[in-house]
Amino acid sequence: MSTPFYVAPEQQMKDRADFARKGIARGRSVVVLHYADGILFVAENRSQALHKVSEIYDRIGFAAVGRYNEFENLRTAGIRYADLRGYSYDRTDVTGRGLANAYAQLLGTIFSSGGEKPYEVEIIVAELGPTDSQDQIYRLTYDGSVGDENGFAVMGGQAEVITEVVRRGFRPDFGLAEAVRLAVDALASDGGPSAPRREIGVEALEVAILDRARALPRKFRRLRADRLTELLRSGTEPVDEGHEAIPALPPQSVPETTLPSASGPAGSGAPDAPAPPPS
Amino acid sequence: MSRPSAAGLPEEYLRVGTSSFSDFAAQVAPNVLPSARCASAGAADLAPHGTTIVAATFPGGVVVAGDRRATMGNMIAQRDIEKVFPADEFSVVGIAGAAGIAVEMVGLFQVELEHYEKIEGAPLSLVGKANRLATMIRGNLGLALQGLVVVPLFAGWDVATEEGRIFSYDATGGRYEEHAFFAVGSGSVFARGSLKKLYRPDLDAASVTMALLQALYDAADDDSATGGPDLARRIFPVVLVATADGVQRVTDSQIADMVDEMVAGRRQRPDGPAAPLT
C-alpha cells in the first residue's frame, strides 16, 4: 500500500498554471483592439472554417486561443447563455459583463477543482458600448481571473512581444485600416525586435469587427479576404452591403423525362402485343 | 468524474449537442417556451386573435403584408397590432391566430434562426428555416386543439435559387410551398379571390404591394375581423419586402400614399379595379 505524496497547495496551483500557460503559448496569437468606430479582432488562423473569433450577441464578440475543443465549448455556452437571457428578458439585458462573470466562474471552478485538468484557453469578451468611451474589452485567463483591458488586448503565442508592438503604435482614434495594419504588423513581429518581420498573407488572417456604424442590430461582421485586401491596399473599406449572402448549392430535384409517344389506339396495349418496329 | 457545477454556466450549457435554441431551452428552462403552457377549452375566448396576412412574389423577391387588427370575439382588441416580422436577414414571418402565442412563437423562431447561425457559423437554408417553423407549429398542436391555433405564413429570399418563396402551414405542422401568392387568416378567402384577379407574375415590387393592399381592403370589406386602412388615425398595413438585399420594411409614408390612391379609386368603384372578362 502506497502513501500519497504530500504536495503543497501552492505547488499544486503553480503546476496547474504552468501546464495551462504552456498549452496557450503553443498556438498563434489574437489581437483585439478598439478603433474609432468599434472593436477589431485579428487572429492568425489558416483555417477558413474553424474560427477563433465569433459573434456572441448583438454587440458582443468573442475571441480565444488555446485548445480548440475547449474554447469552442465555451463559445457555444456563451451563445446559449446570451440567447436564453435575451429571450427570457430583453435583448438589451444581455451584457458583456454578465457573460465575462459567467465565464470567470466556470474557468475558476475548473482550475481549482482537483478532479480535472485546467482549461488551456485564454478568451476575450468584447462589448460595444452605446458610446465610444463605453466599449469594454474583458480578458479572461485559464484560472478564471478577469482583466478589464484598456484599448487593446493580446493573447496566445508570443503575447508579450506582440503587446509591446501594439502598445507603441496604438492610438484610440485609429481608423479601421490603420488599426488592421497595426494588428497585422504586431502579429508579424512576434520574433522580437531583433528578428526579421514575418510575412502574413490575408488568407492566413481571420478578421472581424463590431461595427458601431452598422445599421442592423447585430453589429458583428467578418472581413473576408477580398475585402481585407482592398482595405489594406487602399486604406478605405468597401461599402458594407449590410447583408452577407453565403453562396449555397441549389436544391437537388428528381430527374425529369419525356415519355416516348404512345403507339396504337389507347387501351389496346395487350401484354403480348409485339413491340413497335423501330422507326 | 462529473464536472463540478459552476455558478455562472451550469453543466447543460457546456454539453455538446444541439444547435437548436428551443431544444436547449427545453432542457434548462422549459418554462420560457410557449409550448410549456397548458390551456383548457375556454382559453380561446380569452386570447385576442390576429387576422389576415397576404404575400406575393415578384421577379426580384417577395412582399408580405398584414392588416393591423386583433379581435376578441366581437370586440376589437387592438387596432394597431403588428403581425408581420422579419424572421432573420432574408426571411419574413406573418402570423394569424391566437396573438399572444403567435407573437411569442415568432420571438422564439427569430432566436432559433440566429442561434443556429451563430453556433454553426452559417445560416440555415430557406427550406430549413421553413421546416424549423413547422416543427414549432407541431409543438403547439396541444394548444391548437384547445382553440389556440397559430397559423403562420413564412416567406423569404432563397439565396440558393435566387427567388422569393412562400410557405404556408396548417395547425398540425404541415408545411406547403405556395407559388405566386397566398393568404392566411380569417379574411384569407376574400384576399385570395382578390389576388387571383389582380396578380400577374411580371408585376414589380410596388405593383405587387398595391395588389396586396387591394387584397387586404377586399378582405376587410367582407370579413369583420380584418381591419381596413384606418384613414382617420393613419394606421396602415405593415409591408415587408425580402430581396437579395435582405428584408426591408416599406416606409409608412409610401404605404400611406398608396392607400390614399387606392381609396380614391374605390370612391369611384367601391369593389376595386375590374379585371377584363376574357
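When restricted to residues that are of a type in the set (Gly, Ala, Ser) and within 24 Å of B:Glu117 (Cβ to Cβ), segment B:73-94 contains 3.
Note on segment A:71-91: residues that are facing chain B (nearest Cβ under 10 Å) and closer than 20 Å to A:Arg222 by Cβ total 8. Taken over segment A:222-244, the criterion of being surrounded by 15 or more Cβ atoms within 10 Å (Cβ to Cβ) and either in contact with a Gly (Cβ under 6 Å, 6 or more places away or on another chain) or modelled with pLDDT under 65 (or both) is satisfied by A:His243 alone. Taking the conditions (1) assigned to a helix (DSSP H, G or I); (2) within 14 Å of another protein chain (Cβ to nearest Cβ) in turn, B:Leu216 satisfies each one other than (2). A single member of A:Arg21, A:Arg67 is surrounded by fewer than 24 Cβ atoms within 10 Å (Cβ to Cβ), in contact (Cβ under 8 Å) with a residue 24 or more places away in the chain and touching a helix residue (DSSP H, G or I) at 6+ places or on another chain (Cβ under 8 Å), and it is A:Arg67. Within the set B:Leu108, B:Leu113, the sole residue that is more than 20 Å from B:Val250 (Cα to Cα), facing chain A (nearest Cβ under 10 Å) and of a type in the set (A, V, I, L, M) turns out to be B:Leu108. Taking (1) crowded, with 22+ Cβ neighbours inside 10 Å; (2) at pLDDT below 90; (3) of a type outside the set (Gly, Ala, Ser) in turn, A:Arg46 satisfies each apart from (1). Scanning segment B:235-269 for residues that are in a loop (DSSP other than H, G, I, E, B) and surrounded by 13 or more Cβ atoms within 10 Å (Cβ to Cβ) yields B:Phe236, B:Pro237, B:Ala244, B:Asp245, B:Val250.
Every listed requirement among (1) farther than 23 Å from B:Pro201 by Cβ; (2) in a loop (DSSP other than H, G, I, E, B) is met by B:Ala160 save one, (1). Being at pLDDT below 95 and crowded, with 21+ Cβ neighbours inside 10 Å narrows it down to one of B:Gly272, B:Gly227, so name that one. So the residue among B:Gly272, B:Gly227 that is at pLDDT below 95 and crowded, with 21+ Cβ neighbours inside 10 Å is B:Gly227. Say whether the condition of being of a type in the set (Phe, Trp, Tyr) and at pLDDT below 90 is met by at least one residue in segment B:13-21. Yes - at least one qualifying residue is present in segment B:13-21. Kindly establish whether B:Ala219 is among the hydrophobic types (A, V, I, L, M, F, W, C) and under 17 Å from the mean Cα position of the chain (by Cα). Here the answer is yes, as B:Ala219 does meet what is asked. In segment B:103-157, the qualifying residues are those that are within 16 Å of the chain's Cα centre (by Cα) and among the acidic types (Asp, Glu), and the one that is farthest from A:Arg224 (Cα to Cα) is B:Glu104.
Considering each residue of segment A:111-143, count those that are farther than 19 Å from A:Phe41 by Cβ and surrounded by 21 or more Cβ atoms within 10 Å (Cβ to Cβ), and give that number.
Residues of segment A:111-143 that are farther than 19 Å from A:Phe41 by Cβ, as a first pass: A:111-120, A:130-131, A:133, A:142-143.
Those still in the list that are surrounded by 21 or more Cβ atoms within 10 Å (Cβ to Cβ) too: A:118-119, A:142.
The total comes to 3.
Report yes if A:Tyr119 is within 11 Å of chain B (Cβ to nearest Cβ), closer than 29 Å to A:Asp211 by Cβ and aromatic (Phe, Trp, Tyr), otherwise no. Here the answer is no, as A:Tyr119 does not meet what is asked. Within segment A:61-70, identify whether any single residue is within 11 Å of another protein chain (Cβ to nearest Cβ), among the hydrophobic types (A, V, I, L, M, F, W, C), in a strand (DSSP E or B) and under 18 Å from A:Tyr138 (Cα atoms), and answer yes or no. Yes; the residues of segment A:61-70 include at least one that is within 11 Å of another protein chain (Cβ to nearest Cβ), among the hydrophobic types (A, V, I, L, M, F, W, C), in a strand (DSSP E or B) and under 18 Å from A:Tyr138 (Cα atoms).
Restricted to strands (runs of 3 or more DSSP E) entirely inside segment A:71-184, those with at least 2 residues that are in contact (Cβ under 8 Å) with a residue 60 or more places away in the chain and either touching a helix residue (DSSP H, G or I) at 6+ places or on another chain (Cβ under 8 Å) or among the hydrophobic types (A, V, I, L, M, F, W, C) (or both) are A:121-127, A:152-155. Selection of segment B:57-68 for residues being part of a strand (DSSP E or B) and either under 13 Å from the mean Cα position of the chain (by Cα) or among the β-branched types (Val, Ile, Thr) (or both) yields B:Thr57, B:Val62, B:Val63, B:Val64, B:Ala65, B:Gly66.
Just one of the numbered conditions (1) more than 12 Å from chain A (Cβ to nearest Cβ); (2) small (Gly, Ala, Ser); (3) surrounded by fewer than 21 Cβ atoms within 10 Å (Cβ to Cβ) is not true of B:Gly121: (1). A:Thr3 fulfils the conditions (1) more than 22 Å from B:Asp88 (Cα to Cα); (2) touching a strand residue (DSSP E or B) at 6+ places or on another chain (Cβ under 9 Å); (3) polar (S, T, N, Q) except for a single criterion, (2).
Can you find even one residue in segment A:51-60 that is within 11 Å of chain B (Cβ to nearest Cβ), free of Cβ contacts under 8 Å to residues at least 12 places away in the same chain and among the small types (Gly, Ala, Ser)? Within segment A:51-60, not a single residue is within 11 Å of chain B (Cβ to nearest Cβ), free of Cβ contacts under 8 Å to residues at least 12 places away in the same chain and among the small types (Gly, Ala, Ser).
Scan A:Val32, A:Val42 and give me the residue that is touching a Phe, Trp or Tyr at 6+ places or on another chain (Cβ under 8 Å), among the aliphatic types (A, V, I, L, M) and closer than 24 Å to B:Lys118 by Cα. Don't jump to the end; show me each part of the working.
Values: A:Val42 fails: touching a Phe, Trp or Tyr at 6+ places or on another chain (Cβ under 8 Å).
Among A:Val32, A:Val42, only A:Val32 is touching a Phe, Trp or Tyr at 6+ places or on another chain (Cβ under 8 Å), among the aliphatic types (A, V, I, L, M) and closer than 24 Å to B:Lys118 by Cα.
Can you find a residue in segment A:204-215 that is outside any strand (DSSP E or B) and within 14 Å of chain B (Cβ to nearest Cβ)? Walk me through how you get there before you give the answer.
Taking segment A:204-215 as the starting set, the residues that turn out to be outside any strand (DSSP E or B) are A:204, A:212-215.
Filter once more, so that each one left must be within 14 Å of chain B (Cβ to nearest Cβ): A:214-215.
So far as segment A:204-215 goes, yes, one or more of its residues are outside any strand (DSSP E or B) and within 14 Å of chain B (Cβ to nearest Cβ).
Looking at segment A:6-27, is at least one residue polar (S, T, N, Q) and within 16 Å of the chain's Cα centre (by Cα)? Within segment A:6-27 (the criterion being polar (S, T, N, Q) and within 16 Å of the chain's Cα centre (by Cα)), the answer is no, since none of the residues qualifies.
B:Pro86 meets the stated requirement of being surrounded by 18 or more Cβ atoms within 10 Å (Cβ to Cβ), farther than 19 Å from B:Asp170 by Cα, within 14 Å of chain A (Cβ to nearest Cβ) and in contact (Cβ under 8 Å) with a residue 40 or more places away in the chain.
The values are calculated or read from the model by the stated rules, or taken from the named source; none is laboratory data. These numbers were taken from a predicted model, which means no experiment stands behind them. All Cβ positions, glycine included, derive from the backbone under ideal geometry; neighbour counts span all protein chains shown.
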